[in-house]
Amino acid sequence: MIPCPWDGQEYLASCGRRALERDQKGFSGDLTGLKFIFGPSAVPALDLVDQRSVTRVRSPSGRILYQVLGSSGKLYTCYSSCHFCTCPAFGFSVLQKSESLLCKHILAVYLSQAMGACQELAVSEEQLTNILLAEEEDEG
């Protein structure tokens, strides 16, 4: 497993697990902690984890990327190794405005990693190249 880029991966995993185990009284205090740290991305990211929307894509050479099915139904590619997502929110809020540390898709990737909740997909090198090229075409 690739470590999260901040300390406290175990804390993140336990908060995520407990926040997903909501009881009838509402959200747990762990969700409050996640919301405090990650702002408005926390709840939508947990929803993506709960819906099993994060897929870890691995090629035989060991290259890894993540695909996250967003709430809009669009598939976004995330790279946890360099903390990047192809969604418009990441480009605008994180890169241009520096208003956020991450988007909900990247947070969902980190939560899924920490909680062991990623779906797994093994692909050939050619298939991985096609995924990357398709993403480039979408942007262009």
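Things to note:
- Accessible surface of Ile37, taken over heavy atoms with a 1.4 Å probe and every protein chain present, rounds to 80 Å².
- Accessible area (Å², 1.4 Å probe, nearest 10) - Glu137: 140 Å²
- Ordering Ser53, Ser61 by accessible surface, largest first, gives Ser61, Ser53; the 1.4 Å probe counts only protein heavy atoms, with every chain in place.
- Accessible surface of Leu69, taken over heavy atoms with a 1.4 Å probe and every protein chain present, rounds to 80 Å².
- Most to least accessible of Phe38, Phe90 (protein chains only, probe 1.4 Å): Phe38, Phe90
- The overall shape of the range 29-140, judged from the alpha-carbon gyration tensor, is oblate: a/c is not under 1.5, and a/b is no greater than b/c.
- By accessible area with a 1.4 Å probe, ligands and nucleic acids excluded, highest first: order of Lys104, Lys35: Lys35, Lys104
The values are calculated or read from the model by the stated rules, or taken from the named source; none is laboratory data. All values reported here derive from a predicted model rather than from experimental measurement. Surface areas here come from the heavy atoms of the whole protein model, side chains and all, with no ligands, DNA or RNA. Shrake-Rupley method; radii C 1.70, N 1.55, O 1.52, S 1.80 Å.
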